[in-house]
Amino acid sequence: MEAERLLLIVEDDAAFARTLGRSFERRGYTVLLAANLQEVIGQLTQHSPQYAVVDLKLSGEASGLGCVQALNRHDPAMLIVVLTGFASIATAVEAIKLGACHYLAKPSNTDDIEAAFGRAVGTTDVELTNRSTSIKTLEWERIHETLAETGFNISETARRLGMHRRTLARKLVKQQVK
């Protein structure tokens with residue numbers, strides 16, 4: 001008999017969390033749900049999941065990075081995948097430093113997430129590209145790096161970047177990864 005595969009989904013969008021949870025249950029996982037850091041800590045007092053999927057941006061502009069850190073402290077062997085619609089190099093690096101095994105941009109499905117659990121160990125076979133980074137990409141990365149530093153506070157991010165808050169909000173709406 002196969003050992004129980006316990007998965008914790010940290011997602012503040014209840015409908016998406018339920019849908020993702022049902023999909024993993026059909027694959028033989030036992031699924032736990034949490035919407036914020038407090039609920040994660042509550043789940044960890046009763047359970048020890050082997051897997052976790054954490055949304056980067058939780059309600060109240062809170063960062064899922066705190067959840068990644070708490071999960072990794074609870075069990076450094078836990079396979080944690082960060083799932084986000086606000087992907088950036090800065091947040092990807094921080095997520096990995098805090099204990100995530102993989103970082104996926106939305107839209108990602110159950111197949112992508114499960115494959116990421118299987119690729120927890122790095123590989124040297126990743127193809128390198130010769131494409132240089134554009135100014136727009138650099139700007140986008142800097143915006144997301146500053147967003148992560150400020151805990152996704154748009155007003156403080158705009159102040160640090162020296163731009164009007166509405167200008168930053170428009171840029172985020174234009175570039176948002178769904």
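A few remarks follow.
Residues are listed down the side, and each one gets a yes or a no for (1) part of a helix (DSSP H, G or I); (2) surrounded by 19 or more Cβ atoms within 10 Å (Cβ to Cβ); (3) modelled with pLDDT of 90 or more:
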site	(1), (2), (3)
Leu6	no, no, yes
Leu20	yes, yes, yes
Ser23	yes, no, yes
Ser48	no, no, yes
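- The one condition in (1) part of a loop (DSSP other than H, G, I, E, B); (2) touching an Asp or Glu at 6+ places or on another chain (Cβ under 7 Å); (3) modelled with pLDDT under 90 that Gly122 fails to fulfil: (2)
- Contacts under 6 angstrom Cβ, first residue in the stretch 61-72 being part of a helix (DSSP H, G or I), partner of a type in the set (Gly, Ala, Ser), 6 or more apart: Val68/Ala95; Val68/Gly99; Val68/Ala100; Leu71/Ala52; Asn72/Gly99
- The set of residues from the stretch 75-97 being buried (at least 20 other Cβ atoms within 10 Å of the Cβ) and part of a helix (DSSP H, G or I) comprises Thr91, Ala92, Glu94, Ala95.
- Within the stretch 36-46, the residues that satisfy the criterion of being part of a helix (DSSP H, G or I) and either free of Cβ contacts under 8 Å to residues at least 24 places away in the same chain or not β-branched (Val, Ile, Thr) (or both) are Leu37, Gln38, Glu39, Gly42, Gln43, Leu44, Thr45, Gln46.
The values are calculated or read from the model by the stated rules, or taken from the named source; none is laboratory data. It should be emphasised that the depicted structure is a prediction, and the values quoted were computed from it without experimental measurement. No Cβ is skipped: glycine too gets one built from the backbone with ideal geometry, and neighbour counts run over all protein chains shown.
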